[in-house]
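J.: The structure's right below; bear with me while I get my questions together.
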Amino acid sequence: MESLKDNMMTISSDEFENNIMADAEEFSPAIKQQDSRTHKVPEDDFKAVAYKQEWNEVSKLPADYIRREDMEIKDVAMKHVLPFLPGKSLMKFRAVSNEWNHWIVCPLLAYQQSTSFQKLSGYFYQVVDVDFQSDPNFLSLDHSANGIPNPSLGFLPERIKVLSSSSGLLLCQGLESYYVCNPLTEDWKRIPPHQYYHGSDPAVILAFDPQGNIESHFHLVAAVPLLDQPVVFFEIYSSQSNYWSRSSSECLELEDTTLVGGGLYMKGMAYWSTTSNGVLAFDVKNEVAAVLRVPIPPGRYGALTQVKDELSYVTVYNDCGDVFMLDIYGGMDMSLNHSVCINLGHKKSRQTLEEGPFIDNGTVLCSVLPCINSGDDIVVICTTERIYLYNLSGQKVETFMTPGQLNLKRRFIPYTNSLAAIHE
């Protein structure tokens with residue numbers, strides 16, 4: 001993510017809609033005039049293709065191999081800068097030359113980019129309902145670099161709701177099946193049927209680690225509560241074996257509580273929030289479950305987020321006027337690490353506060369959105385009219401327009417603009 005601006009900037013609702021349309025237009029075929037010939041990037045063809053190795057018969061080296069002494073600036077940029085850019089930017093650069101187009105669609109670059117670019121790009125948001133009447137949409141934090149061609153995920157074979165995201169891949173639920181897809185490349189895979197009933201709003205997390213995983217293997221972890229019993233067991237899908245299995249691990253510590261969908265995966269661990277302010281943790285590799293208790297005041301809720309490369313539970317409330325308080329819990333005991341007082345400059349009149357449908361006792365309703373990012377300690381705050389990105393290190397705020405009125409049933413799933421591949 002680019003450095004946050006000192007002065008806050010608000011995007012109007014018209015600009016918000018125009019940006020979505022611009023995203024779609026920018027994914028149309030790009031044309032570049034070169035050497036009196038036309039170089040055209042095929043439409044709907046942003047997929048990694050098999051790399052055909054060509055050899056230089058004189059040097060006995062690959063034809064695209066460049067010795068260090070022969071490297072030019074364009075070669076350095078192509079090999080060492082492109083992997084650190086978001087996927088949409090790479091799509092635009094396919095029109096630079098045939099050489100760049102050939103490299104950008106190479107599976108090796110897709111792997112390098114998925115491991116190198118790990119910053120928050122935006123949010124998929126959707127009203128959670130049982131009859132799949134609401135299509136997902138996408139809120140980009142940088143429309144010029146982080147868009148996707150089809151925010152409603154219409155390339156999937158049925159209407160879906162988004163459940164989870166991990167390193168550029170999405171887990172979606174249809175009426176009968178789960179799907180894992182890359183919304184940028186529009187590659188997708190239908191997951192085989194699971195053995196146990198997961199519920200209408202299942203607590204299933206996509207676990208995908210691109211580092212050292214060139215074949216793009218992933219897991220799905222479903223936390224399944226037993227009916228009328230304080231027991232949660234786990235059903236796990238492996239893309240490598242292509243089947244579901246029940247873990248021997250069970251959690252017996254969650255009484256009178258409900259798991260909250262849209263969990264978080266980081267560093268080999270799957271996490272779910274609960275309605276009793278606890279965090280259910282599951283080690284995917286070793287299949288060990290535990291419950292972390294968060295000592296927050298009754299009636300206050302937060303979200304799981306990544307702060308200083310560690311799991312944190314963050315809550316926010318409107319103290320008075322424009323002043324908001326962030327409480328950040330973390331560590332092995334999930335204790336209160338520190339509190340931050342922020343002036344967001346909400347600038348709402350008292351009459352608006354009194355008439356707003358989501359206002360309680362003259363304060364602005366607000367919530368923390370889940371967030372995973374690498375290198376940027378960012379907390380994302382959603383209010384009735386705006387979304388704020390607060391940089392904890394630089395103490396700076398960037399403002400975005402909230403996509404419509406704050407809806408308590410709307411779920412936000414953090415997303416990274418990645419070229420991560422999906423293999424059958």
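Every number in this text was worked out from the coordinates using simple rules, so none of it is lab data. These numbers were taken from a predicted model, which means no experiment stands behind them. Cβ sites come from the backbone with ideal geometry, for glycine too, and all protein chains shown count toward neighbours.
J.: Rank by packing, highest mean first: peptides 280-291, 104-115, with packing defined as the count of other Cβ atoms within 10 Å averaged across residues.
T.: 104-115, 280-291
J.: Given the options Tyr313, Gln240, Leu259, identify the residue whose Cα lies farthest towards the positive end of the charge dipole of segment 227-313 (+1 on Cβ of Lys, Arg; -1 on Cβ of Asp, Glu).
T.: Tyr313
J.: If all Cα-Cα distances of segment 240-311 are sorted into 10 Å bins from 0 onward, what percent lands in each bin, rounded to whole numbers?
T.: 17, 49, 27, 6, 1
J.: If you add up the charges near Ala223, with Lys and Arg at +1 and Asp and Glu at -1, over every other residue whose beta carbon is less than 11 angstrom from its beta carbon, what do you get?
T.: -2
J.: What list of ³J(HN,Hα) values in whole Hz, one per residue of segment 378-393 in order, does the Karplus curve 6.51 cos²θ - 1.76 cosθ + 1.60 (θ = phi - 60°) give from phi, with Gly and Pro shown as x?
T.: 10, 10, 9, 10, 10, 10, 5, 10, 9, 10, 10, 9, 10, 8, 5, 6
J.: A follow-up question, please. Tell me, what HN-Hα J-couplings in whole Hz come from the Karplus equation 6.51 cos²θ - 1.76 cosθ + 1.60 at θ = phi - 60° for each residue of segment 204-213, using x for Gly and Pro?
T.: 10, 10, 8, 10, 9, 10, x, 5, x, 10
J.: Right, something else. Report ³J(HN,Hα) in whole Hz for each residue of segment 82-88, in order, from the Karplus equation J = 6.51 cos²θ - 1.76 cosθ + 1.60 where θ = phi - 60°; Gly and Pro get x.
T.: Taking θ as phi minus 60°, the curve returns 3, x, 9, 9, x, x, 5 Hz for segment 82-88.
J.: Which residues among segment 290-319 fall inside the zone where the amide N is under 15 Å from a point 7 Å beyond the Cα of Ser276, along Cα→Cβ?
T.: Label zone hits: 290-296, 298-299.
J.: Ranking request for peptides 76-88, 223-235: highest mean number of other beta-carbon atoms within 10 Å first, then the rest in descending order.
T.: Working: 76-88: 17.6, 223-235: 15.9.
Highest to lowest by the protection proxy: 76-88, 223-235.
J.: Give me the net charge for the shell around Ser200: Cβ to Cβ below 14 angstrom, other residues only, Lys and Arg +1, Asp and Glu -1. Provide the component values of the computation, followed by the final result.
T.: Numbers: positive: Lys161, Lys409, Arg411; negative: Asp129, Asp131, Glu176, Asp201.
Cβ neighbours under 14 Å give a net charge of -1.
J.: I would also like to ask the following. Within segment 275-304, which residues have the backbone N less than 13 Å from the label spot 7 Å out from Asp333 along Cα→beta-carbon, could you tell me?
T.: Answer for segment 275-304: 293-295.
J.: Additional query: State to the nearest 20 debye the size of the charge dipole of segment 106-253 about its Cα centre, where the only charges are +1 on K and R beta carbons and -1 on D and E beta carbons.
T.: Rounded to the nearest 20 debye, it is 320 debye.
J.: Give, as a single signed number, the net charge of other residues whose beta carbon lies under 15 Å from the beta carbon of Val284, with Lys and Arg counted +1 and Asp and Glu -1.
T.: With Lys, Arg at +1 and Asp, Glu at -1, the neighbours total -1.
J.: Can you give the FRET efficiency for Lys396 and Asp75, using 1/(1 + (r/R0)^6), R0 = 45 Å, r = Cβ-Cβ distance, to the nearest 0.05?
T.: So, using R0 = 45 Å, E works out to roughly 0.80.
J.: Determine the gain in length on full extension of the stretch Met325-Ser144; use 0.36 nm per residue of separation and subtract their C-alpha separation, reporting nm with one decimal.
T.: 62.0 nm
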